[in-house]
1. Among the numbered criteria (1) under 23 Å from ASP119 (Cβ atoms); (2) open to solvent by 20 Å² or more (accessible area, probe 1.4 Å); (3) of a type in the set (A, V, I, L, M), which one does LEU202 miss?
2. Do you know which residues across the range 133-149 are open to solvent by less than 10 Å² (accessible area, probe 1.4 Å), in a helix (DSSP H, G or I) and within 11 Å of the ligand (Cβ to nearest atom)?
3. Counting only residues that are touching a helix residue (DSSP H, G or I) at 6+ places or on another chain (Cβ under 9 Å) and in contact (Cβ under 8 Å) with a residue 40 or more places away in the chain, which one in the range 150-160 is surrounded by the fewest Cβ atoms within 10 Å (Cβ to Cβ)?
4. I need the helices (runs of 4 or more DSSP H) fully contained in the range 46-128, keeping only those with at least 1 residues that are within 22 Å of ALA13 (Cα to Cα).
5. Working only within the range 2-45, note down all residues that are under 24 Å from GLY127 (Cβ atoms), assigned to a helix (DSSP H, G or I) and among the small types (Gly, Ala, Ser).
6. Being open to solvent by less than 20 Å² (accessible area, probe 1.4 Å), more than 13 Å from the ligand (Cβ to nearest atom), touching a strand residue (DSSP E or B) at 6+ places or on another chain (Cβ under 6 Å) and at pLDDT 95 or above is the requirement here; does LEU89 meet it?
7. What are the residue pairs meeting all of these: first residue in the range 172-189, first residue open to solvent by 70 Å² or more (accessible area, probe 1.4 Å), second residue acidic (Asp, Glu), Cβ atoms under 6 Å, and 6 or more apart or on different chains?
8. Write out, first by first residue and then by second, each pair whose Cβ atoms fall under 9 Å of each other, whose residues are 6+ apart or on separate chains, and whose first residue, in the range 48-60, is closer than 9 Å to SER88 by Cβ and within 15 Å of the ligand (Cβ to nearest atom) while the second is among the basic types (Lys, Arg) and modelled with pLDDT of 95 or more.
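The values are calculated or read from the model by the stated rules, or taken from the named source; none is laboratory data. On a predicted model such as this, the values are computed, not experimentally measured, just so you know. Reconstructed Cβ throughout: ideal geometry from the backbone, glycine too, with neighbour counts over all protein chains shown. When the accessible area is computed, the model is the full protein with side chains, heavy atoms only, and any ligands, DNA or RNA have been set aside. Shrake-Rupley method; radii C 1.70, N 1.55, O 1.52, S 1.80 Å.
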Amino acid sequence: MRIARTLTELRTACASLRADFGGLAFVPTMGALHEGHKTLVREAVASGVPAVASIFVNPLQFAANEDLSRYPRDEAGDLAALEACGCSLAWLPDVATMYPAGEATTVHVSGPAERWEGDARPGHFRGVATVCTKLFGQVRPDRAYFGEKDWQQLQVIKRVVADLLLPLAIVGVPTVREADGLAMSSRNRYLNATERATAPALYRVLGSVAGMLADGRVAEPVLAAARAELAAAGFAVDYLALVDGPTLAPIAAVAPTEAAGARLIATAKLGPVRLLDNVGVG
Ligand code: PAF
């Protein structure tokens, strides 16, 4: 696996991989790689063109009160994991490369970036959309892989690529879970033993609510009961909502025709950790 730390090194390495193999698949990450990221890299490798993965903890997607300085970092471990997954090139830019002096351009997304995480974390999706647009411009991949775990992020990136006519496909990859159902996340390491034992209830409740809403019944009473159940288990529920999958607009009930597109999304805090999860309905 090659490692690029400057834009010149990246461009040289990408040009030679592209010349040899005819395309590139890309996995953007913030490091602290777990099985979910490894699955994205393996999918990228399986696509038949070389995989490029970036590791960049993006300051623009963290608010001042968030955990940027505490975000877990393990460069040596991450590089070993990428190599073991068959990644061809690791891209490790520094902040000055991603945000050059005098920078004055960001990517603001409305539509699917409004509500939910957009409300809870003002500026977050502007940071994600901006850094991904820059990374796409640097790597120039044919396709890029994102986990469904961050469902809203995946829809925001799809919207950016469609709206800015960027020449790549976005591939969503199903959430990778621990054996007890907890969605893998770099932040799970901050759960204490009691919180860790409680955490899988979020996915269990989502699964049972999804089952109840699939027949088209009015969602709100079921959602309200589920929020109460999670609160009783110790979660501070931020939101639990039934939405249209691509637009994230709330829906009152699953219509038979939209069953495949409806999504149940949730964010709930356990101790210091905000857990995000979502499931399809129907
Ligand atoms: O999902 C993430 O890890 C980040 O939001 C991403 C897509 C790498 C952008 O910094």
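1. Unmet for LEU202, out of (1) under 23 Å from ASP119 (Cβ atoms); (2) open to solvent by 20 Å² or more (accessible area, probe 1.4 Å); (3) of a type in the set (A, V, I, L, M): (2).
2. Once the filter is applied, which keeps residues that are open to solvent by less than 10 Å² (accessible area, probe 1.4 Å), in a helix (DSSP H, G or I) and within 11 Å of the ligand (Cβ to nearest atom), the range 133-149 yields only LEU135.
3. Looking at residues that are touching a helix residue (DSSP H, G or I) at 6+ places or on another chain (Cβ under 9 Å) and in contact (Cβ under 8 Å) with a residue 40 or more places away in the chain, I get LYS158.
4. Fully inside the range 46-128 and qualifying: 75-84, 95-98.
5. Of everything in the range 2-45, those that are under 24 Å from GLY127 (Cβ atoms), assigned to a helix (DSSP H, G or I) and among the small types (Gly, Ala, Ser) turn out to be GLY36, ALA44.
6. Considered against the rule, which asks whether it is open to solvent by less than 20 Å² (accessible area, probe 1.4 Å), more than 13 Å from the ligand (Cβ to nearest atom), touching a strand residue (DSSP E or B) at 6+ places or on another chain (Cβ under 6 Å) and at pLDDT 95 or above, LEU89 comes out as yes.
7. Partner pairs satisfying both residue conditions: PRO174/GLU148.
8. ALA51/ARG42
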